[in-house]
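Colleague: Could you have a look at this structure, given as structure tokens, before my questions?
The values are calculated or read from the model by the stated rules, or taken from the named source; none is laboratory data. This structure is a prediction, so every number in the text was calculated from the model and none was measured. No Cβ is skipped: glycine too gets one built from the backbone with ideal geometry, and neighbour counts run over all protein chains shown. Surface areas here come from the heavy atoms of the whole protein model, side chains and all, with no ligands, DNA or RNA. Shrake-Rupley method; radii C 1.70, N 1.55, O 1.52, S 1.80 Å.
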Amino acid sequence: MASTGMQIFGFVLALLGIMGAMVATLLPNWKVSADVGSNIITAISQMQGLWMDCTWYSTGMFSCTLKYSVLSLPAYLQTARTTMVLCCVMAAMGLCLASLGLKCTRWGGGRRSKRHAAIASGGCFVAAGFLCLVPASWFTNEVITNFLDSNVPESNKFEPGGAVYVAFVSAGFLFVGGSIFCMSCSGKRHGPQDMVLLPPPDKLLFQQQQQQLLQQELQHQYCSLSPLDNKTGYSLQDYV
């Protein structure tokens, strides 16, 4: 029961992780304009994401521009796009395998099949967490490096946005959920792993006793037969 509860807890964490990864992939605030120096006076807020750049004007207007050209983007942004999409795909695959590997469900085959599905789903979750952690860390490093660079003007300085923090939290959820699934089925089991229908011990013992009594009765009947009853054919002495 404890392992079943831990599996459900890991499934919920993994579900939160994939939802957070999808939200972080689509959010436009991976980095936001920093309020430093003369930039505090301006009433314009800029945000940049993986797929679009958005600007919030002082008049209340909000406009976004999509990034159509992939080759013109820097390497860290291209990597972030690719790894976040792969993270969502890998986590979705892990959820499908986890639904088969849960011990509280009836589908997914026998005990051995469920164990293999649970371990495979845990591996998918851990890989998805790693794919989500890499772009978040690289993106944060680039933003902080540009912020500390004295050659960059203050109007072009940015700081990590909310999407980066969502990506970090999602990676943590995926790591924990995957570890729970891998550890819940790591114990060694002896004997047949698949479900085998066997009669209860009392019924099996009763069947063995009945067979022994039947054999003894047959032996007793065979031994109690007379010599005349044992004749199965004609003999020459019957005609002499």
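Colleague: Within segment 137-188, which residues are touching a Leu at 6+ places or on another chain (Cβ under 6 Å) and closer than 13 Å to LEU13 by Cβ? Walk me through how you get there before you give the answer.
Modeller: If we filter segment 137-188 for residues that are touching a Leu at 6+ places or on another chain (Cβ under 6 Å), which is where we start, we get 163, 171, 173, 176-177.
Correct list: ALA171, PHE173, VAL176, GLY177.
Colleague: Further question on the same structure: Output yes when any residue across segment 77-89 is in contact with a Ser or Thr (Cβ under 8 Å, 6 or more places away or on another chain), touching a residue at least 60 places away in the same chain (Cβ under 8 Å) and open to solvent by 30 Å² or more (accessible area, probe 1.4 Å), and no when none is.
Modeller: Yes: segment 77-89 contains one or more residues that are in contact with a Ser or Thr (Cβ under 8 Å, 6 or more places away or on another chain), touching a residue at least 60 places away in the same chain (Cβ under 8 Å) and open to solvent by 30 Å² or more (accessible area, probe 1.4 Å).
Colleague: Hey, another quick one. Before we move on, is ASN146 modelled with pLDDT of 90 or more and either closer than 20 Å to ILE180 by Cα or in a helix (DSSP H, G or I) (or both)?
Modeller: Values: modelled with pLDDT of 90 or more: no; either closer than 20 Å to ILE180 by Cα or in a helix (DSSP H, G or I) (or both): yes.
Against the criterion (modelled with pLDDT of 90 or more and either closer than 20 Å to ILE180 by Cα or in a helix (DSSP H, G or I) (or both)), ASN146 does not qualify.
Colleague: Going through segment 103-153 one residue at a time, which ones are acidic (Asp, Glu) and surrounded by fewer than 14 Cβ atoms within 10 Å (Cβ to Cβ)? Spell out the reasoning first.
Modeller: Filtering segment 103-153 for residues acidic (Asp, Glu) gives 142, 149.
The one that is acidic (Asp, Glu) and surrounded by fewer than 14 Cβ atoms within 10 Å (Cβ to Cβ): ASP149.
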